[in-house]
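Shown next, in structure tokens, is the structure this report addresses.
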Amino acid sequence: MSGSPLLMFEHGGLAELGRVPELAVAEFRAHVLDAVSGGARIATFFGRPAPGGAVRLLIVLSEEYTGILSAAATTVYDSYTALTPECPQAHWFEREIAEQWGVVPRGHPWLKPIRFHPSYRDGKDAWHRAEAPAAGDADFFRMEGEEIHEVAVGPVHAGIIEPGHFRFQCHGERVFHLEIALGYQHRGIERRLRGGPNARTLPYMETLAGDTSIGHALACCEALEALAGTRVPTRAHVLRGAALELERLANHVGDLGALAADIGFLPTASYCGRIRGDLLNMTAVLCGNRFGRGLVRPGGTAFDLAEEHVRDLQRRLRAAEQDTTGAAELLWQSSSVMGRFEDTGAITAETAQALGLVGPAARACGIERDVRRDFPSGIFRYAQIPVATFGSGDVFARAFVRALEIQRSIAFLKAQLDTLSPGPVLAPFGACAPNALAVALVEGWRGEICHTCLTGEDGRIDHYKVVDPSFHNWMGLAMALRGQQISDFPLCNKSFNLSYCGHDL
Amino acid sequence: MWKILLERFRQKHRTVGYPRRAPVLPERFRGLPAIDDAKVGDARAAIEACPVEALATDAAGRLRLDLGRCIFCGQCERACPEGGIVFGRDHRLCARTRDELVITAAGRTRAQTLDAAARRLFGRSLKLRQVSAGGCNACEADTNVLTTVVFDLSRFGIRFTASPRHADGLLVTGPVTLNMEAALRKTYEAVPAPKIVIAVGACAISGGLFADHEETRAGLADILPVDVFIPGCPPHPVTILDGLLRALGRIE
């Protein structure tokens with residue numbers, strides 16, 4: 001990207017807002033498309049109000065192979081030429097921009113709401129709706145023809161699951177297309193973060209997606225610490241990393257069990273259901289809460305581990321490792337399991353790249369993409385976890401990558417607990433720099449979490465943007481269902497296990 | 001086959017002895033809080049430390065803590081270093097009325113069971129439909145845990161059904177987003193009467209962190225009649241189980 005006018009900055013640092021180049025729309029598009037064709041990914045892309053009723057679009061691109069972030073901005077009014085036709089990664093971002101700010105990305109092939117809320121800009125609505133939209137009230141893609149039928153599921157599902165609406169266009173058992181309508185969990189958190197950080201900021205982060213409390217809290221703290229220039233003590237980095245990996249372990253183990261349950265393989269389903277709880281209880285050893293609520297705070301962690309806690313965790317980890325290995329091995333040894341997992345819900349690496357998939361879903365397509373390696377922060381600058389990949393892109397690959405990551409996270413945790421150095425866990429957290437921008441990337445258990453924090457004149461949060469990994473990956477699930485039997489939907493869905501509330505915010 | 005049996009043997013029997021045996025809770029568990037007005041010191045500091053406005057003082061200056069809003073973050077405890085507010089280890093938090101959730105230095109009354117007619121109907125067999133109405137998936141996750149071998153909910157005759165038509169009631173989580181209100185009401189209407197409603201978590205009880213958001217309703221209060229309140233953010237699985245069993249009169 002030599003000669004690019006984009007502002008380059010390092011992950012973990014801050015950029016002065018005034019240095020983000022303001023480009024004309026055509027120039028903005030050309031540079032973004034050029035960077036993406038050269039291998040960059042869209043980490044975040046959003047609008048915010050600009051003077052004169054305009055909307056300023058800000059994009060942050062990430063280059064995995066150089067570890068560099070770059071940013072650019074452009075100002076639009078009612079519409080601009082969409083990026084999506086040439087850059088499918090922008091698909092969901094441009095729908096979000098249209099919904100939030102009433103700006104129409106012209107030529108967007110699939111311009112529909114993603115959360116079903118009124119526009120944030122007075123009098124501007126991308127769909128010229130007079131009233132507040134009803135959830136799921138969208139122009140669904142529809143096939144016509146003899147023996148074509150439509151199946152509608154949700155928002156209330158059969159299990160204890162968050163709400164979402166799924167429309168399948170089917171011919172017999174075969175799914176031609178699945179369209180996913182979300183937004184039922186929309187609570188409007190991002191807008192409430194303005195004026196912070198305050199007493200509510202971290203509780204909001206911990207409930208963006210409750211199963212990713214640590215991941216989101218960590219991303220927020222890293223962004224705030226970059227803005228405030230806080231030096232987090234080493235021991236806190238270790239505790240945060242340990243909590244992040246425990247969160248990954250609990251969810252990955254739970255997912256292996258849920259995948260087994262969806263195909264009726266009860267031994268692994270039962271064991272993993274229990275082991276997942278054991279892992280959540282390890283997080284509770286740290287901070288009293290199974291989801292890690294209250295642990296990660298700006299400046300470090302709110303709790304420390306005593307020597308007996310470390311020994312307790314080491315003992316529990318050994319037991320969990322043995323039990324998980326046994327439970328996972330049963331899956332690979334059972335031909336009935338492998339028969340259901342292999343070649344089900346496959347997506348190609350090309351599709352995954354084009355959509356910008358993240359996390360285990362991308363790594364299961366053979367893509368080496370892991371924030372812990374590509375944009376390391378905290379303890380991951382000192383202790384690397386090998387990236388786990390598998391190439392087949394199917395349900396098996398997504399299960400197997402999780403199993404590999406379980407092994408590697410356990411090895412990491414063991415090493416960290418064995419060598420935990422003494423010291424403080426919380427540094428004083430001061431005021432944030434004014435008129436600045438910080439981007440924090442964290443590899444949550446579902447993939448890349450991206451938090452972008454912009455401060456105003458007073459150093460308070462002026463704009464906050466959250467990208468949960470599910471935001472990138474829901475379209476991956478839709479693509480995985482193409483040509484599949486509708487009866488395999490629960491299995492495919494579970495193999496992605498995306499967040500509804502993390503998407504809906 | 002042999003490998004499966006061998007692994008089954010190795011993984012052992014893991015169902016907890018609750019409710020006959022006391023639950024095993026983490027050392028740092030934050031359960032039922034206790035207030036000691038004499039040790040509170042600066043009540044305003046505690047009130048301001050609370051991110052969800054669960055704390056207030058009455059006319060006489062005594063602290064009142066609304067467990068229905070509390071997210072059990074412990075910030076008020078830190079703001080009262082003399083021990084004015086202490087989160088204890090008691091996991092039994094459920095209540096039958098919204099008022100019972102407000103605690104003072106005098107403590108609180110233990111929740112009553114459902115009335116005799118409801119106990120006769122549901123006491124030995126309760127089928128619930130779960131509705132997540134804006135929840136962050138933590139309450140959902142810790143409700144789901146009850147169906148694992150650890151808690152083995154079916155041994156109490158309690159199960160979650162796929163259809164509201166097969167259910168005796170709803171277990172609701174989340175602050176009720178505007179986008180879920182219609183679906184929640186329809187699901188409630190689809191449950192045959194007589195039916196009960198159980199609100200799990202601060203969000204479902206009061207809106208929790210999201211109570212003043214225009215995108216949400218402030219919990220179930222104005223939407224459905226609630227029979228059992230189970231506070232927490234999220235409640236520990238054993239707190240949820242206690243709430244279910246206590247309402248049914250299965251534990252004293």
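For region A:181-197, the tally of residues that are open to solvent by less than 10 Å² (accessible area, probe 1.4 Å), touching a Phe, Trp or Tyr at 6+ places or on another chain (Cβ under 7 Å) and over 14 Å from B:GLY135 (Cβ atoms) stands at 3.
Taking region B:225-252 as the search range and keeping residues that are open to solvent by 10 Å² or more (accessible area, probe 1.4 Å) and among the β-branched types (Val, Ile, Thr), which one is nearest to the chain's Cα centre (by Cα)? Residue satisfying both the conditions and the ranking: B:VAL226.
Examine region A:435-447 for a residue that is free of Cβ contacts under 8 Å to residues at least 40 places away in the same chain and over 30 Å from B:LEU178 (Cα atoms), and state whether such a residue exists.
Filtering region A:435-447 for residues free of Cβ contacts under 8 Å to residues at least 40 places away in the same chain gives none.
No: zero hits.
The set of residues in region B:123-133 that are in contact with a helix residue (DSSP H, G or I) (Cβ under 6 Å, 6 or more places away or on another chain) and within 7 Å of chain A (Cβ to nearest Cβ) comprises B:VAL131, B:SER132. With a requirement of 2 or more residues that are within 23 Å of A:TYR204 (Cα to Cα), the strands (runs of 3 or more DSSP E) lying completely within region B:126-221 that satisfy it span B:126-132, B:169-173, B:196-200. Among the listed residues A:ASP458, A:ASP468, which satisfies the condition of being at pLDDT 95 or above, more than 21 Å from the chain's Cα centre (by Cα) and among the charged types (D, E, K, R)? Just one listed residue meets the conditions, A:ASP458.
Please go through region A:167-180 and pick out each residue that is open to solvent by less than 10 Å² (accessible area, probe 1.4 Å), touching a helix residue (DSSP H, G or I) at 6+ places or on another chain (Cβ under 7 Å) and not aromatic (Phe, Trp, Tyr). Residues satisfying the conditions are A:CYS170, A:VAL175, A:LEU178.
Where helices (runs of 4 or more DSSP H) fall wholly inside region A:184-288, the ranges with 2 or more residues that are under 30 Å from A:ILE97 (Cα atoms) and touching a residue at least 24 places away in the same chain (Cβ under 8 Å) are A:189-192, A:201-206, A:213-228. Pairing residues of region B:4-15 that are open to solvent by 50 Å² or more (accessible area, probe 1.4 Å) with residues that are not in a helix (DSSP H, G or I), at Cβ distances under 7 Å and at least 6 apart in sequence or on separate chains, gives B:ARG14/B:VAL149; B:ARG14/B:VAL150.
Regarding B:GLY61, is this residue farther than 22 Å from A:GLY292 by Cβ, open to solvent by less than 60 Å² (accessible area, probe 1.4 Å) and either in a loop (DSSP other than H, G, I, E, B) or within 13 Å of chain A (Cβ to nearest Cβ) (or both)? First the steps, then the outcome.
Numbers: farther than 22 Å from A:GLY292 by Cβ: yes; open to solvent by less than 60 Å² (accessible area, probe 1.4 Å): yes; either in a loop (DSSP other than H, G, I, E, B) or within 13 Å of chain A (Cβ to nearest Cβ) (or both): yes.
The answer is yes for B:GLY61.
Of all residues in region A:429-447, those satisfying the criterion of being in contact with a strand residue (DSSP E or B) (Cβ under 8 Å, 6 or more places away or on another chain) and open to solvent by less than 10 Å² (accessible area, probe 1.4 Å) are A:ALA436, A:LEU437, A:ALA438, A:VAL439, A:ALA440, A:LEU441, A:VAL442, A:GLU443.
Beta carbons closer than 8 Å, at least 6 apart along the sequence or on distinct chains, pair a first residue in region B:203-224 that is facing another protein chain (nearest Cβ under 9 Å) and buried (at least 24 other Cβ atoms within 10 Å of the Cβ) with a second that is among the polar types (S, T, N, Q) and outside any loop (DSSP other than H, G, I, E, B) for B:CYS203/B:THR173; B:PHE210/B:THR216; B:THR216/B:THR177.
Can you confirm whether A:ARG290 is out of contact with any Asp or Glu (no Cβ under 9 Å at 6 or more places or on another chain) and either facing chain B (nearest Cβ under 8 Å) or open to solvent by 10 Å² or more (accessible area, probe 1.4 Å) (or both)? Walk me through it before giving the result.
On the way: out of contact with any Asp or Glu (no Cβ under 9 Å at 6 or more places or on another chain): no; either facing chain B (nearest Cβ under 8 Å) or open to solvent by 10 Å² or more (accessible area, probe 1.4 Å) (or both): yes.
The answer is no for A:ARG290.
Note on region A:337-383: residues that are farther than 30 Å from A:LEU417 by Cα, open to solvent by 20 Å² or more (accessible area, probe 1.4 Å) and outside any helix (DSSP H, G or I) amount to 5. Can we say B:ARG21 is exposed (fewer than 14 other Cβ atoms within 10 Å of the Cβ), outside any helix (DSSP H, G or I) and within 21 Å of the chain's Cα centre (by Cα)? Considered against the rule, which asks whether it is exposed (fewer than 14 other Cβ atoms within 10 Å of the Cβ), outside any helix (DSSP H, G or I) and within 21 Å of the chain's Cα centre (by Cα), B:ARG21 comes out as yes.
Could you pull out the residue among A:ALA138, A:ALA152 that is in a loop (DSSP other than H, G, I, E, B) and surrounded by fewer than 23 Cβ atoms within 10 Å (Cβ to Cβ)?
Details: A:ALA152 fails: in a loop (DSSP other than H, G, I, E, B).
Going through A:ALA138, A:ALA152 in turn, the sole match is A:ALA138.
Consider region B:65-83 and keep the residues that are open to solvent by 20 Å² or more (accessible area, probe 1.4 Å) and more than 19 Å from the chain's Cα centre (by Cα). The one that is farthest from the other protein chains (Cβ to nearest Cβ) is B:GLU82.
Across region B:107-122, the qualifying residues are those that are assigned to a loop (DSSP other than H, G, I, E, B) and open to solvent by 20 Å² or more (accessible area, probe 1.4 Å), and the one among them that is nearest to the other protein chains (Cβ to nearest Cβ) is B:ARG108.
Which ones in region A:69-94 are under 19 Å from the mean Cα position of the chain (by Cα) and in a strand (DSSP E or B)?
Kept after step one, since they are under 19 Å from the mean Cα position of the chain (by Cα), are these residues of region A:69-94: A:69, A:88-94.
Residue satisfying the conditions is A:LEU69 alone.
Output the residues belonging to region A:35-54 that are open to solvent by less than 10 Å² (accessible area, probe 1.4 Å) and either within 16 Å of A:ALA90 (Cβ to Cβ) or among the charged types (D, E, K, R) (or both). Across region A:35-54, the qualifying residues are A:ALA35, A:ALA40, A:ARG41, A:ILE42, A:ALA43, A:THR44, A:PHE45, A:PHE46, A:GLY47. When restricted to residues that are over 23 Å from B:LEU209 (Cβ atoms), more than 14 Å from chain A (Cβ to nearest Cβ) and among the basic types (Lys, Arg), region B:84-106 contains 2.
Annotation: A:PHE116 fulfils all but one of (1) free of Cβ contacts under 8 Å to residues at least 40 places away in the same chain; (2) within 21 Å of B:THR177 (Cβ to Cβ); the unmet one is (1).
The values are calculated or read from the model by the stated rules, or taken from the named source; none is laboratory data. Just so you know, these numbers come straight off a predicted model, no measurement behind them. We place every Cβ from the backbone using ideal geometry, glycine too, and count neighbours over all the protein chains shown. Just so you know, the surface numbers come from the protein's heavy atoms only, side chains and all, with ligands and any DNA or RNA stripped out. Shrake-Rupley method; radii C 1.70, N 1.55, O 1.52, S 1.80 Å.
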